[in-house]
Ligand code: NAP
């Protein structure tokens, strides 16, 4: 079994992005990503710092704004203010958000031109018809991993575990567009095991450690693990690695697989927003 090196893929993408910025003669200002969070916990802070570090290394300015002490109205005003700010290109809201039982309400205030996470309702609704908008970074990372490893997916049966708007739904669309036959399973699916067993590739994004075990997959399967769950301070994916080496041909592990690639795909969305912004101003 071969192990996919997500860090290496991420570095290659990061180098390409650095070059894109260096060669961009469109503007005398650098691209800028604004990260909005609300009293981030330790885990969220790890993610925020990883995004900031990678962005700054590439040449993207960042700003982190903690809205934890603001009222809901002030939080909305702040998002609107960043929307209007010509020096920023992308806005992301780091979840969880304290004051919103449904964070989508605040996310939907982000203008679609700056929605580099691709999570506003208007962006989600347009994803299938308007490719100029932003696809969420995690499904883009899965596609980048597939491409970087020369995995041929046209005509292959791919099972996507999970149907969230962050991962499963957009991924289904991207895989189908690339010619795969896509099966989607979720918590209500009755014949999950049967569908996984007939799949050439399984992408799991359920957030359930140990969900996919060796007896459930076919010989030479390719496994891409998106799941991230912290258990006793350890980060676990959805795939139970026990004896998997003898069954799978290729696996994207957790940690070190999809995660680092997701960060750089987010930053590629920021550069896409930047290029569009400076072309219009
Ligand atoms: P989510 O919104 O909670 O969605 C989870 C999906 O998994 C749902 O569609 C759910 O089905 C399905 N599911 C849950 N239990 C299942 C089971 N036993 N069998 C089959 N399907 C099951 O989570 P998400 O935002 O998509 O994230 C999924 C995982 O990926 C999480 O662990 C998250 O931390 C991780 N993640 C990783 C990255 C990265 O960069 N590596 C980025 C984003 C997310 P229902 O729809 O029926 O509830």
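The values are calculated or read from the model by the stated rules, or taken from the named source; none is laboratory data. Since the structure is predicted, the reported quantities are computational estimates derived from the model, not experimental observations. Glycine gets a Cβ as well: all are built from the backbone with ideal geometry, and neighbour counts include every protein chain shown.
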Original post:
Given the structure, is residue 144 in contact (Cβ under 8 Å) with a residue 12 or more places away in the chain, within 13 Å of the chain's Cα centre (by Cα), assigned to a helix (DSSP H, G or I) and outside the structural domain of residue 77 (by TED's automatic domain parsing)?
Top reply: yes
Original post:
If residue 42 passes every condition in (1) more than 17 Å from residue 114 (Cα to Cα); (2) touching a helix residue (DSSP H, G or I) at 6+ places or on another chain (Cβ under 8 Å) but one, which one does it miss?
Top reply: (2)
**OP:** Take residue 48 and decide whether it is part of a helix (DSSP H, G or I), in contact (Cβ under 8 Å) with a residue 12 or more places away in the chain, outside the structural domain of residue 226 (by TED's automatic domain parsing) and in contact with a strand residue (DSSP E or B) (Cβ under 7 Å, 6 or more places away or on another chain).
**Re:** yes
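Tell me yes or no: at least one residue of the range 67-74 is under 17 Å from the mean Cα position of the chain (by Cα) and either within 30 Å of residue 3 (Cα to Cα) or part of a loop (DSSP other than H, G, I, E, B) (or both).
No - not one qualifying residue is present in the range 67-74.
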**OP:** Note down all Cβ pairs under 7 Å where the first residue falls in the range 174-196 and is on the phi > 0 side of the Ramachandran plot, the second is in a loop (DSSP other than H, G, I, E, B) and surrounded by fewer than 18 Cβ atoms within 10 Å (Cβ to Cβ), and they're at least six residues apart or on different chains.
**Re:** 179/154; 179/155
Subject >> Test set (1) farther than 25 Å from residue 279 by Cα; (2) surrounded by 15 or more Cβ atoms within 10 Å (Cβ to Cβ) - residue 50 fails condition number >> reply: (2)
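What tally of residues in the range 242-272 results from selecting those that are closer than 19 Å to residue 203 by Cα and more than 16 Å from the ligand (Cβ to nearest atom)?
First, pick out the residues of the range 242-272 that are closer than 19 Å to residue 203 by Cα: 242-263, 265.
When the remaining residues are screened for being more than 16 Å from the ligand (Cβ to nearest atom), the result is 242-250.
Residues in the range 242-272 being closer than 19 Å to residue 203 by Cα and more than 16 Å from the ligand (Cβ to nearest atom): 9 in total.
Suppose we filter 95, 119, 106 for residues that are outside any helix (DSSP H, G or I), crowded, with 20+ Cβ neighbours inside 10 Å and not assigned by TED's automatic domain parsing to the domain that holds residue 181; which single one remains?
Values: 95 fails: crowded, with 20+ Cβ neighbours inside 10 Å; 106 fails: outside any helix (DSSP H, G or I).
Answer to the check: 119.
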Original post:
Cβ-Cβ below 8 Å, separation at least six or inter-chain, first residue in the range 203-222 and touching a residue at least 60 places away in the same chain (Cβ under 8 Å) and closer than 17 Å to residue 184 by Cβ, second within 12 Å of the ligand (Cβ to nearest atom) and in a loop (DSSP other than H, G, I, E, B): which pairs?
Top reply: 203/226; 205/162; 205/164; 205/167; 205/226; 205/227; 205/238
Subject >> Any hit, the range 224-239, residues being near the ligand (Cβ under 9 Å from one of its atoms), buried (at least 19 other Cβ atoms within 10 Å of the Cβ), within 23 Å of residue 6 (Cβ to Cβ) and in contact (Cβ under 8 Å) with a residue 40 or more places away in the chain >> reply: yes
Subject >> Answer residue from the range 153-168, given it is within 12 Å of the ligand (Cβ to nearest atom) and over 10 Å from residue 205 (Cβ atoms) and is surrounded by the most Cβ atoms within 10 Å (Cβ to Cβ) among those >> reply: 159
Original post:
Of the residues that make up the range 171-194, is at least one within 24 Å of residue 122 (Cβ to Cβ), surrounded by fewer than 15 Cβ atoms within 10 Å (Cβ to Cβ) and either in contact with a helix residue (DSSP H, G or I) (Cβ under 7 Å, 6 or more places away or on another chain) or modelled with pLDDT of 95 or more (or both)?
Top reply: yes
